[in-house]
Amino acid sequence: MTDVQAARGGRPAGAGVRGAAFAPWVRLNLAGPGLAALAVMAGAVLGFAAYAPYRVDTALGIAFGAASIVAMGLALILAARPPVAEPLCGGLDRMYRLHKWLGIAALALMIAHNMIEPEVEDFVRETDLGDFAGDVGEFALNGFIGLILLSWIKRIPFTRLELPWPLWRFTHRFTGLLFAIAAFHQLAIDKPAGIDPALGLYLNAFSLAGLAAWLFTQFVALVLRPRAHVLDRIDRHGTTTEIILRPTGRPMRWRPGQFAFVSAPDAGMAEAHPFTIAAAPHGDGRLRFGIKALGDWTSRLPERLVPGQGLRVEGPYGRFLFRRRVPRQVWLAGGIGITPFLAWAESLVETDRQQIALVWAVATPDEAFAAGRLKAIADRHPGLTVQVVASKTDGRLTAARLAAMVPFDIAQSELFFCGPTALRASILAGLREMGKSPRRDHCEAFELR
């Protein structure tokens, strides 16, 4: 497990929903991919239309090339985490998933463009600059093949070795440079006279936007986005560490269930990792995070932190939010997946009248580090019940057992899940077999890449 994937244990990345009906947030989930697909297809249509008079195979080659420029530009824009894109995609995890598939699509389209090489020599006046643009286009293609393969392959084939996250991230930073070469290729390659300028304007717009997003991500966002905090308190609970951070400037505003990227440059851990904010917002802007030691970074962090140390926090992100309009809710947490539900529970007010059953599955009772906090909250809110299932002492949590623990008909409720995907799959499959599938199930994704 890489460190960013390990951090998912402290903070699953985004929200998803499945159900019989399309709720408004489901439509938003589809809006981002839909708009991206339309933009890519528009590039292909413009390319084909502009070169249709010069043979069909030439028009197809240009269409593939134009679409690849748009796809890669969009991928770089999404990598910058624009706030407007996250709700359209349904969360940062889905936005990054779209980013990944746009990169893969760009590579496939580049290969298709290279295989169907446009034949326009008889219609252009060849120049040295155009020849050079053609040569660097081949270089960009080969570079993209290597980078996309590195992004796609999480584990080295036929081995137990995983690609180290720092190496993956370092190589990924060259994507913008290769895209700049590809953009130069489409701009400077020799073209027939009289080509519709709409194609050039469209591709130049995505080229400039993609390069601007890459420059922002690599150089500007690192300075502007993170907020300075000071470590106020650190509590260790076995393999889980809770930290409380106090802002030194303008506090961050967030909603219960959201997450933030945390880095500790003063402790020699400048790489930012995402974690759920494990508490409801407070007036003083203090942040609480629960971090489980699942990888090298998360294992070293508690040893290097001391009160008074400076940390940097970027956010908030995430769409896994408490839905007050759902009358019957089952909150199912696996291990450190309890963190968003801690924030949800703390956000409950006296006017909330939902029936909520929180079930927390852990390996041992010692892992239930926040059981006391949850019990105190449940004592103040009669509609909230809290139960902890430790597999080593209580046995494994099954669908039948979960249905029996919920004080209402689980089939008439909505299930909110945060934890290992295997637990979710097992519970949902068991509920289906029992004919007790919830009306909808909402989940958080544990992996970012």
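So which residues in segment 390-419 are free of Cβ contacts under 8 Å to residues at least 24 places away in the same chain, among the small types (Gly, Ala, Ser) and over 19 Å from GLY435 (Cα atoms)?
Residue satisfying the conditions is GLY395 alone.
For every residue, the table says whether it meets (1) at pLDDT 95 or above; (2) in contact with a helix residue (DSSP H, G or I) (Cβ under 9 Å, 6 or more places away or on another chain).
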residue: ARG300; (1), (2): no, yes
residue: LEU305; (1), (2): no, yes
residue: ARG324; (1), (2): no, no
residue: VAL330; (1), (2): yes, yes
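If only one of LEU374, LEU415, LEU431 is of a type outside the set (Asp, Glu), in a strand (DSSP E or B) and on the phi < 0 side of the Ramachandran plot, which one is it?
On the way: LEU374 fails: in a strand (DSSP E or B); LEU431 fails: in a strand (DSSP E or B).
Result of the check over LEU374, LEU415, LEU431: LEU415.
Within segment 349-382, take every residue that is in contact with a Lys or Arg (Cβ under 8 Å, 6 or more places away or on another chain) and modelled with pLDDT under 95 and give me the one that is surrounded by the fewest Cβ atoms within 10 Å (Cβ to Cβ).
Out of the qualifying residues, it is THR364.
Within the bounds of segment 321-337, is there any residue that is among the β-branched types (Val, Ile, Thr), assigned to a helix (DSSP H, G or I) and not assigned by TED's automatic domain parsing to the domain that holds ASN29?
If we filter segment 321-337 for residues that are among the β-branched types (Val, Ile, Thr), which is where we start, we get 326, 330, 336.
Still in the running and assigned to a helix (DSSP H, G or I): 336.
Among the residues that remain, those that are also not assigned by TED's automatic domain parsing to the domain that holds ASN29 are: 336.
Yes, segment 321-337 contains a residue that is among the β-branched types (Val, Ile, Thr), assigned to a helix (DSSP H, G or I) and not assigned by TED's automatic domain parsing to the domain that holds ASN29.
Which condition breaks for THR393 when tested against (1) more than 30 Å from the chain's Cα centre (by Cα); (2) in a helix (DSSP H, G or I); (3) at pLDDT 95 or above?
(3)
Give segment 303-320 a look and list any residue that's under 25 Å from the mean Cα position of the chain (by Cα) and not in a loop (DSSP other than H, G, I, E, B), or say none. Give the derivation first.
Narrowing segment 303-320 to residues under 25 Å from the mean Cα position of the chain (by Cα): 311-320.
Of everything in segment 303-320, those that are under 25 Å from the mean Cα position of the chain (by Cα) and not in a loop (DSSP other than H, G, I, E, B) turn out to be LEU311, ARG312, VAL313, GLU314, GLY315, PRO316, TYR317.
Count, please, the residues in segment 307-322 that happen to be modelled with pLDDT of 95 or more and aromatic (Phe, Trp, Tyr).
Looking only at that region, the number is 0.
Looking only at segment 166-208, count every residue that is of a type in the set (A, V, I, L, M) and either within 19 Å of ALA44 (Cβ to Cβ) or in contact with a His (Cβ under 8 Å, 6 or more places away or on another chain) (or both) and tell me the total.
First, the residues of segment 166-208 that are of a type in the set (A, V, I, L, M): 167, 177-178, 180-183, 187-189, 193, 195, 198-199, 201, 203, 205, 208.
Checking which are either within 19 Å of ALA44 (Cβ to Cβ) or in contact with a His (Cβ under 8 Å, 6 or more places away or on another chain) (or both) leaves us with 182-183, 187, 189, 195, 198-199, 201, 203, 205.
Going through segment 166-208 one residue at a time, the tally reaches 10.
Filtering segment 409-426 down to residues that are in contact with a strand residue (DSSP E or B) (Cβ under 6 Å, 6 or more places away or on another chain) and of a type in the set (Gly, Ala, Ser), which residue is nearest to ARG440 (Cα to Cα)?
Filtering segment 409-426 for residues that are in contact with a strand residue (DSSP E or B) (Cβ under 6 Å, 6 or more places away or on another chain) and of a type in the set (Gly, Ala, Ser), the one nearest to ARG440 (Cα to Cα) comes out as SER413.
Residue-wise test of (1) modelled with pLDDT of 75 or more; (2) surrounded by fewer than 19 Cβ atoms within 10 Å (Cβ to Cβ); (3) outside any helix (DSSP H, G or I).
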position: ASP93; (1), (2), (3): yes, no, no
position: ARG97; (1), (2), (3): yes, no, no
position: ILE111; (1), (2), (3): yes, yes, no
position: ASP122; (1), (2), (3): no, yes, no
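Only residues that are within 25 Å of the chain's Cα centre (by Cα) and more than 30 Å from ALA36 (Cα to Cα): list them for segment 207-238, please. Working first, answer last.
Taking segment 207-238 as the starting set, the residues that turn out to be within 25 Å of the chain's Cα centre (by Cα) are 207-229.
Those that are within 25 Å of the chain's Cα centre (by Cα) and more than 30 Å from ALA36 (Cα to Cα): ARG227, ALA228, HIS229.
The values are calculated or read from the model by the stated rules, or taken from the named source; none is laboratory data. It should be emphasised that the depicted structure is a prediction, and the values quoted were computed from it without experimental measurement. Note that we place each Cβ from the backbone using ideal geometry, even for glycine, and neighbour counts take in every protein chain shown.
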